[in-house]
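The values are calculated or read from the model by the stated rules, or taken from the named source; none is laboratory data. Given the structure is predicted, the values throughout are model-derived calculations rather than measurements. With ideal geometry, Cβ positions are generated from the backbone for all residues, glycine too; neighbour counts draw on all protein chains shown. Accessible surface areas use protein heavy atoms only, side chains included; no ligands, DNA or RNA. Shrake-Rupley method; radii C 1.70, N 1.55, O 1.52, S 1.80 Å.
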Amino acid sequence: MIIAPKKTGILFFPAFDWAISPDHPEREERLLYTRDQIFEEGLLDIEGIIEYPPRITNYANLLRAHICVPGPEEITTESHLISAGGCNVIADAVLNKEIQSGFAIVRPPGHHAMRITHGSRGFCNINIESVMVEYIRKKYNIKRIAIVDTDAHHADGTQDIYYNDPDVLHISIHQDGRTLFPGTGFIGEAGGPAAYGTTLNVPVPPHTSDEGLLYIMNNLVLPVLNEFKPEIVINAAGQDNHYSDPLTNMNISARGYAKLNELLKPDIVVLEGGYSIEGALPYVNTGIILALAGLDYSHVLEPDLTADKIKQSPKITEDIKKTVDQLLLLFSNRTRIDLNKIFGKGEFYHRTRRIFYDTDNLLDEQKEQIYRCDNCSGYRLVHSWVNSFNKSNYTTYVVIIPRDACPGCVKRAEERWQEKQKSGGYDYIFLQDLVNERYERVPKYQVSLP
Amino acid sequence: MPLTIGIDVGGTNTDAVLVSARGVHKKAKIPTIKDNLLQSVLEALEAVYDPHSEKNLERICISTTLTTNSIVEENYDKVGLLCLPGPGLHPKYLPFHESMEILPGYVDHRGRIVKDLNPNTVRQAVEKFLKKDIKRFAVVGKFSNRNPELEMKIHDLIIGEYSDVKHISLGHRVTSRIGFPRRIATAYLNAAVYRKHKEFADAVENALGSKGITAPVFILKGDGGTINLEASRRLCVHTILSGPAASIMGQITLTGEHPAAALIDIGGTTTDIAIMLNGSPVFERSGAEISGYKTSVRALYSRSIGIGGDSAVKVENGVLQIGPHREGPAVIFGGNTPTPTDAAAALGKVPCADPKVAKEALKPLADSLNVTIKKTAELIIEETAQSIANAVKNIVVSLSNRPVYTVKEVLEPLVIELQKLIGIGGPSPVLTPLVAEKLGIDYEIAPVHQVANAVGAAAARPTTVATVHCDTSTGYYSISELGIKKEIGKKNWNIDKVTAIAKKAVEKRARSRTGYQDIDFSREVEITTHEEFNVVRGFQTVGKIMEVKAQIKPGAVFSLTHWKEGEENDHSS
Ligand SMILES: [Zn+2]
Ligand SMILES: [Zn+2]
């Protein structure tokens, strides 16, 4: 009988009765072949690999990560709540030391869901990693967390949620935004004024293969983690960087992905995208499970894989080296750099953005102000104008009090919250107060909230 | 009145009953002859066989420990294992990998042959085993449950070219379940115990023939169902763990079908716990485990805890310790170490035992606990009942926390609310009421517990499974258990059609087990898997994958719930 050298938890929630729409890539069938492969390989029978049943999470757990507009009820389905809840189950098992690491193979995914979320973009409504991170911080008093997102798409949602949070290191390795949705994730997006250098974007050229990805792991990710010293490491394991994925142009193999996890040694792995449901997912997931459990994955091989198929050109290797060098420099200089040169000298740092919701067909135009405080990461004010192509347009105003807010910022933010309620002028006004756990909306929520 | 003979070969005793829907007409208990199970069966049969009612004897069903013992004692034949693992888990992790020859060729998760066989590698491997005088083979491919072609080709090649080969077990025939390592273990063990079981079956057949007994013979399987002697030869591994199954079927026959019950069989050293839901015993989720091997053999869920009527009772650091060891019989029956049975006797609850002897035995324990002997006896019974109740509770929790894969199942979780406790075994009259009280539920104590297993074997009906997997985009359907893989042709297949095929297949399989003319199998078919997925490629639906598993679940052919010992004679015609 085999015993896994490392105790590993698996939460498998394929949502076999849920789809965005019948022919959509995010549909019932997506994890069918993965189930078949995992079960046929007998992975869940291995001593030391433990299967956990899923659990539905509640709205309160969403609101630490999100401002859901108009409310959590309108933009989620039960499947979203189970997907997020499934990640929390794995987090509990890891933090209660039942297992060394765990893998939440859940759907739907989440890493394109922004802090202010209006619905579905890039197949995501709720950012399942962020909901889990906030759950972990709340329940286990853990502060420093690293998320390494290896999905082929830029993890713009996770980046948005932790952009100004100095305690969360977010590294996204993705196909160059000039060639793929969502079109962001460039080196210059390196974090807000209070968290410069804890957002690292590693755009890689199309056709990057295992060689390039593992180079980034060894030369950038591992040294940066070593310096940041997170208490928890999470791999957002999108599998659309596989050479067979229909939506992207990357060349990663199942064994490459397994190797990545062997190097990274994440505490928690969460499935993100990946739509080569027959040619990639069954093999990549098998590889990741074996790597986490400390078992030999050298026989995991896609039936159609040849060495030529994923050979990386010298030009790509060169490009990746340059990107890694730039990021290493940025990270090591992050505390020495003159932030005023990047964020200006004003009392507030201003930024404006246009966020497109491809699935729900709406456009969110945001103006954000981050208060530049010497004592904390600063409260934030966001105006959002939503132009919907299906529904009527609406406006939202949000006051955010970050978890590390100083008393001064709490007070100033509270004043703005009161002020806006009086003046009105918006369809919805929200308060997300992570210090005192107040999650409010005007007009008042209809659903029962904490 | 049709009669049935049930025989249960246990580790210590072999029990037999002559039984009908009216009750137990004859019963016998003889010591099991360890090295000659056949002799044990025949002697037990002799004890209850009634030549005058031969024409009414409808069938004989035997539950034997033959295959179980042979696996547990590793007393079986060497098997040449031919595997087609393809890529995936490293073969060094597979069961029996030390007796495995890996062959090129494999099938993928859709049942497509990615790489065909190389006949010469098959020949080389077979010859290698034959040189070592290994003549029994198991052939197992990854995903052979989806497409049995490669296994069948190997089978035909071996049969065609090697007349020395005595037996071949094929993975897809021994089980239709997904799980390559379990399929390997199942096929390997099937081939390993094949000879022993066949010799036993042949001998039973001959012995009955020479006595002029013509009633068909059945063997009890680990899933609580029967299989006729002929079919049991090819699928002999399915007869493992028939002992616990006989006990569970016995309890069902004697106390009926319950919506939610725990069944406890309290023995000397251990207590076995099983669960019944909606009138049927619960199965092991992935298959039976035996001697550390995880198999795909369907088996009734049963957990054993180290506590029973003869558990040694001690006081350690002022705390009462019950079990898990047995140091001999109860003191009242000649042992040296006090047991829960002695505690029951001290309280006057064991008929024909001397409470004085029991009290004497408990005295040292009472002294160390610094309480009265009566109090000590009560504590022991209390503690024993509590341990059993806790085990039942834990089992309910672990069965409720099963993994689920749909939104619907998460929102409507399985809630097991036990309503009844069924007790069987010597100590059960004393302990069952107390365990039930701690669980807050009703209880029932099965009558004639001395031969309940034999009653279970006699009353069990045949069980069988058929799994139809249909993939309209590859254009094939398969029924693994029957070794069928066919093109679906041009017809439009839907889930209803697949379901109809599964039902028909399982009924046909069940009906082939002649000897149960009184059962209408079409009414007993149950669908356990019913899956339908659209196959979409490039935003186009290109077909459907459908899988339907139909089963005849275990159940009793007749019920003896209203029977009281002695009654059958009053009505005898
Ligand atoms: Zn993606
Ligand atoms: Zn502040």
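Remark: mean inter-chain Cβ contacts per residue of B:102-110 equal 3, using a 10 Å Cβ-Cβ cutoff to other protein chain atoms.
Checking the table B:K27/B:K393; B:K27/B:K55; A:K6/B:K128; B:K356/B:K564; A:K139/A:K345; A:K309/B:K490 against a 29 Å threshold on Cα-Cα, which pairs fail? Pairs exceeding the cut-off: B:K27/B:K393; A:K6/B:K128; B:K356/B:K564; A:K139/A:K345; A:K309/B:K490.
When a 1.4 Å probe is rolled over the protein heavy atoms, the share of accessible surface on segment A:346-448 that falls to carbon and sulfur comes to 46 percent. Leaving ligands, DNA and RNA out of it, report the carbon-plus-sulfur percent of the accessible area of segment A:3-332 at a 1.4 Å probe. Carbon plus sulfur share of accessible area: 53 percent.
Applying 1/(1 + (r/R0)^6) with R0 = 22 Å to the Cβ-Cβ distance of B:H530 and B:V114 gives a FRET efficiency near 0.20. The packing ranking, built from the mean of other Cβ atoms within 10 Å per residue, places the peptides A:92-105, B:274-287 in the order A:92-105, B:274-287, highest first.
Relative to the dominant Cα principal axis of chain A, helix A:407-423 is inclined by about 70°. Expressed in Å, the radius of gyration and Dmax of the Cα atoms of the protein assembly as shown are 33.3, 109.
For chain B, the solvent-accessible area with a 1.4 angstrom probe is 41 square angstrom per residue. Distance between the modelled labels on B:E565 and B:E257, one decimal in nanometres: 2.8 nm (7 Å Cα→Cβ projection).
With R₀ set to 45 Å, the beta-carbon distance separating A:E211 from B:K490 gives a calculated FRET efficiency near 0.40. For segment A:100-113, the Karplus equation 6.51 cos²θ - 1.76 cosθ + 1.60, evaluated at θ = phi - 60°, returns couplings of 7, 8, x, 10, 9, 9, 10, 8, x, x, x, 6, 9, 7 Hz by residue, with Gly and Pro reported as x.
Angle of helix A:254-264 to the longest C-alpha principal axis of chain A, folded into 0 to 90 degrees and rounded to 10: 60°.
Residues in chain A average 35 Å² of solvent-accessible surface per residue, probe 1.4 Å, ligands and nucleic acids excluded. Once the Cα atoms are used to define both axes, helix A:128-140 deviates from the longest principal axis of chain A by about 80 degrees.
Interface size, chains A and B: roughly 3900 Å² of accessible area buried, both sides included, 1.4 Å probe, rounded to the nearest 100. When the other protein chains are added to the chain by itself, burial of at least 50 square angstrom of heavy-atom accessible area (probe 1.4 Å, ligands and nucleic acids ignored) affects these residues of segment A:11-27: A:F16, A:D17, A:D23.
Expressed as a whole percent, the accessible area of segment B:80-192 that falls on carbon and sulfur atoms is 47 (1.4 Å probe). Think of it as helices only: each DSSP H run of n ≥ 4 in chain B is worth -39500 (n - 2.57), and spread over all residues that comes to -11000 deg cm²/dmol at 222 nm. With 40 Å² as the minimum drop in accessible area between chain alone and full protein complex (1.4 Å probe), the qualifying residues in segment A:259-289 are A:E278. Protection proxy ranking for B:319-325, B:132-138, A:332-338, using the average of other Cβ atoms within 10 Å per residue and placing the highest first: B:132-138, B:319-325, A:332-338. Shielding value for B:400-406 is 6, the average number of Cβ atoms from other chains within 10 Å of each residue's Cβ.
Which of the residues in segment A:39-81 show a loss of at least 50 Å² in accessible area from their chain by itself to the complete set of protein chains, at a probe of 1.4 Å? SASA drop of 50 Å² or more in segment A:39-81: A:F39, A:E40, A:E41, A:D45, A:E51, A:P53. When peptides A:339-349, A:363-373 are ranked by their average number of other Cβ atoms within 10 Å per residue, the highest-first order is A:363-373, A:339-349. Taking 4.7 Å between C-beta atoms as the pairing limit, the protein assembly as shown has these partnerless cysteines: A:C68, A:C87, A:C124, A:C373, A:C409, B:C61, B:C83, B:C236, B:C352, B:C470. Mean per-residue shielding of peptide B:81-92 is 5, counting Cβ atoms of other chains within 10 Å of each Cβ.
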